[in-house]
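Working notes, structure below.
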Amino acid sequence: STSSQRQSSGINAEYGGVIEATIDHEKGYMQSNDSANVYGTNEPLKAYHERIRFCLDIHNHSIKAMRFPPKSYNDNLEDAQKQREREQQDLEYAKEIAEEEDDGML
């Protein structure tokens, strides 16, 4: 009974992909197979390449986002002429305040 339970567990593990093994029913043992060297394949290189590509995509999207702000950003900006007019008004106002202070001090 115990032997058949162990054998059943070994078969389930083998077919479930948990271990790679060969069962010798006549001799009553299970021989594990040598696992393949994953670094001897291109899988790690492919995974590393995918990670690098992902990081570069994020970088490129970030650069584009910084270079080209959303169109709504331009709606809030004053054009150059309006900005000069506002600065001129501010300057004239500052001169008026300075003249009033000078007049009040005399």
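Given the protein chains as shown and a 1.4 Å probe, how many square angstrom of H61 are accessible, to the nearest 10?
In the full protein context, H61 sits at about 130 Å².
Near the amide H of Y29, under 5 Å away, which other amide H atoms are found, from residues 5 or more places off or on another chain, if H is placed in the peptide plane?
Residues meeting the amide H criterion: D24.
Stretched out fully, how many nm does the piece from Y39 to N60 gain, at 0.36 nm a residue minus the Cα gap?
On the way: separation 21, 0.36 × 21 = 7.56 nm, distance 3.04 nm.
Full-extension gain reported as 4.5 nm.
The values are calculated or read from the model by the stated rules, or taken from the named source; none is laboratory data. Quick caveat: nothing in here was measured; it's all calculated off a predicted structure. Quick note on the areas: whole protein, heavy atoms, side chains included, nothing else; ligands and nucleic acids left out. Shrake-Rupley method; radii C 1.70, N 1.55, O 1.52, S 1.80 Å.
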